[in-house]
Amino acid sequence: MSTKPMKPLKKPNAQVQVDLRDAETIKCSSCNNYLFITSFILKRLSAIVSPNGQEALIPVQVYSCGNCGQVAEGFLEGSGLEEEIKSDKFPSLDI
Ligand SMILES: [Zn+2]
């Protein structure tokens with residue numbers, strides 16, 4: 001039987017204020033670069049499934065690695081591209 005040491009609970013002064021040093025920096029899973037640029041995946045919605053019956057182009061904003069172009073983890077979810085890109089990779093970030 002072991003008792004876990006209780007950490008003293010800090011009372012947050014302002015709930016909206018966060019210390020970015022406590023936040024995880026997302027790095028490229030391919031090259032470890034941490035600078036990302038905004039990119040768009042363009043999805044073409046066919047007239048059959050489009051709500052207004054017309055073909056539509058839908059831009060999906062993602063962040064891609066400024067070094068190698070790899071899209072950051074999690075941004076491809078729901079875009080229909082996750083299977084292609086994650087084919088031989090496993091997510092390295094476990095949030
Ligand atoms: Zn990269």
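The values are calculated or read from the model by the stated rules, or taken from the named source; none is laboratory data. For clarity, every value in this text was computed on a predicted model and none was experimentally measured. Don't worry about glycine lacking a Cβ; one is built from the backbone with ideal geometry, like all the others, and counts go over all protein chains shown.
Annotations for the structure displayed:
- Selection count, the range 32-42, where residues are surrounded by fewer than 12 Cβ atoms within 10 Å (Cβ to Cβ) and in contact (Cβ under 8 Å) with a residue 24 or more places away in the chain: 3
Every residue, every condition in (1) more than 16 Å from the ligand (Cβ to nearest atom); (2) assigned to a loop (DSSP other than H, G, I, E, B); (3) modelled with pLDDT under 90, yes or no:
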{"position": "Thr25", "(1), (2), (3)": "no, yes, no"}
{"position": "Ser30", "(1), (2), (3)": "no, yes, no"}
{"position": "Ile41", "(1), (2), (3)": "yes, no, yes"}
{"position": "Asp88", "(1), (2), (3)": "no, yes, yes"}
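- Inside the range 12-31, residues that are loosely packed, with under 10 Cβ neighbours inside 10 Å and either in contact with a Leu (Cβ under 7 Å, 6 or more places away or on another chain) or among the hydrophobic types (A, V, I, L, M, F, W, C) (or both) make up a count of 4.
- Just one of the listed residues (Leu45, Leu9, Leu93) is at pLDDT below 75 and either surrounded by 12 or more Cβ atoms within 10 Å (Cβ to Cβ) or touching a Lys or Arg at 6+ places or on another chain (Cβ under 9 Å) (or both), and it is Leu93.
- Residue ID - nearest to Leu42 (Cα to Cα), chosen from residues in the range 54-71 that are more than 9 Å from the ligand (Cβ to nearest atom) and assigned to a loop (DSSP other than H, G, I, E, B): Glu55
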